[in-house]
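Engineer: Mind looking over this structure? Questions follow.
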Amino acid sequence: MVQAQKNIAALTSRRNFIASSAALAVASASPALAFPALGQDAELIELGRQLEIIDIQYREASEASTRIDKAIENQFPALPDVLKARETDKQFRLPKPNDERWYKPVDGGSIAEPGYYTTCHLNELKQFTPLQRKEVSFADYHRAKVGPDAPIAIIDPYNNDVVVSMVPWPEAQARVDELIAAIEVWGKAVRKIKHASGYMKAEREFTRIGNKHSDLLNRIAEIDAKSLQGILVKARAVKTIHYDDAAIEFGYCTDEVLAASVLNELLALKA
């Protein structure tokens, strides 16, 4: 959902804001144009009305989900030591320990400690096939192909070249299997707690309403406003993305500051 909101924010681009600013300037210069003709921006205004309703439901669903999550966060079983990332996991080239972000500073210092594998890594581990590098001389490679006692079939000055291949890595695969089994056991215990608390039901409702919220934002962003009322709909739509902020802020570039000021001034209008 956060990504969906970022996508909407991207749609309110510099070009859109310039167009909106120009429309506002025209409306301000000519009072007659400040009021839309009958039916002008009707679709946009209706979508804005729907968004106001959905936005309230979206916030309530978010708060409900968060409330339950905080209530049960201390009930989850501790992650077993087997799921703690090891140095050998790096050697096995397992997915997460190779990522620098997987290690975090200890007490703000320079020493780093590995994290734990959890349910969010399960699919990645299931799709991972550990392989290791195997090197043999050309002569050994040839004999393995035609038989252990077979002589070299050709005289080749490069018959001592190394042949490299990637072969299954049993030790690494055993570690992957161990991680998957432990994650599934831990995840099952967590799901049981979430289900009993009503969290999973609340999350499904939050997702359902969130999808409606994103759809409305996308539809509003696609329609060009033809009136001040239509521009206000878009301004309020952007505000729903920044509802935790007292004022809309995009950054420090001149065009972004100008865009934010236009939106905030539009929202402050009483008539």
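Read-outs: derived from the displayed coordinates by stated rules, not from any lab. Treat the numbers as computed from the prediction; the structure is a model and nothing was measured. In this analysis, Cβ positions are derived from the backbone assuming ideal geometry, glycine residues included, and neighbour counts consider all displayed protein chains.
Engineer: Using a Förster distance of 51 angstrom, determine the FRET efficiency expected from the C-beta separation of HIS242 and ASP161, and round it to 0.05.
Structural biologist: 0.20
Engineer: Using 0.36 nm per residue of separation minus the Cα-Cα distance, give me the extension gain between GLU87 and LYS192 in nm, one decimal.
Structural biologist: 34.6 nm
Engineer: Next up: Going by amide H atoms built from the backbone, whose H comes under 5 Å of the H on SER137, apart from near neighbours?
Structural biologist: Amide H neighbours of SER137: VAL163.
Engineer: With labels modelled as points extended 7 Å from the Cα through the Cβ direction, what inter-label distance (nm, one decimal) is found for GLU135 paired with PHE76?
Structural biologist: Going by the 7 Å Cα→Cβ label model, 4.3 nm.
Engineer: Also, quick follow-up: State, to one decimal in nm, how far the label point of GLU124 lies from the label point of ASN264, with both points 7 Å from Cα in the Cβ direction.
Structural biologist: According to this spin-label approximation, the distance is 3.9 nm.
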